[in-house]
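Below is one structure, written out as structure tokens; the observations come after it.
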Amino acid sequence: MGKRSAFARIDKDLYRTTDPKPVSRLLPWLRPGASFVEPCVGWGDLVGPLMRAGHACNGRYDVVARYPGVEAFDARCFDAERLRGADYIITNPPWSRDVLHELIDVLPRLAPTWLLFDADWMHTRHADGRMRHCTAIVSVGRVKWMRHSAHAAKDNCCWYLFDSRSIACAGPVFLRRAVA
């Protein structure tokens, strides 16, 4: 998954999000009881923790429906009908740049969109035009993508909040949870 890995990529970037850290870092920034759709659901690893935290899942989609309740649909073609009135779009999208950039261009037009991917992306030329619609960033740090691995990945991750209805004139806000 990372740029310093010698391992072959998993087909369709189907990396599991079983590490609890990404969801725990996102929860403080979601409106209580908010609804969401998951357009790149994979095995549904984000859906369960978000629902247990009191959020409603209005739809689960992926290019391949791997389990009951998931609709086969390409998120790059997402539309308002698939949103089903959800407050947010929340997903760990494929990190392949061509697919990721298409999702950043499409999904935030429909609803505020939280995307989990590498922190380095914001420093690339591909981010330039897209960052104007990034309103917030939540640092996650290194994530353990392989459930039985002893180690987390070498790349840091962030949740990026994109919203095409907003232009972040001063740049995105880096959200930090208060430490007691």
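Specify whether the C-alpha gyration tensor of the stretch 32-80 places it in the rounded, prolate or oblate class, a ≥ b ≥ c being the square roots of the eigenvalues: rounded for a/c under 1.5, otherwise prolate if a/b is larger than b/c and oblate if not.
Oblate, because a/c is 1.5 or more while a/b does not exceed b/c.
Per residue, how big is the convex hull of the stretch 14-175 when only Cα atoms are used? Give it in Å³.
Each residue corresponds to 109 Å³ of Cα convex hull volume.
Just for the stretch 14-175, what percent of DSSP beta bridges are antiparallel, to the closest 5?
50
Only counting other Cβ atoms within 10 Å, I'd like Phe73, Phe78, Phe162 sorted with the fewest neighbours first.
By the 10 Å Cβ count, ascending: Phe73, Phe78, Phe162.
Could you compute how fast the stretch 77-126 diffuses translationally, taking Rh as the Kirkwood radius over C-alpha pairs and applying Stokes-Einstein at 20 °C with viscosity 1.002 mPa s? Give it in µm² per second.
It diffuses with D of about 184 µm²/s by this estimate.
What is the packing order of peptides 115-124, 38-47, 82-91, taking the mean over residues of other C-beta atoms within 10 Å and listing the highest first?
So the order, starting with the most tightly packed, is 38-47, 82-91, 115-124.
We did not get these values from a lab; they are worked out from the coordinates using the rules stated. Note that the coordinates shown come from a computational prediction; the quantities given were computed from them, not determined experimentally. A quick note on method: Cβ atoms are made from the backbone with ideal geometry, for glycine too, and the neighbour counts reach across all protein chains shown.
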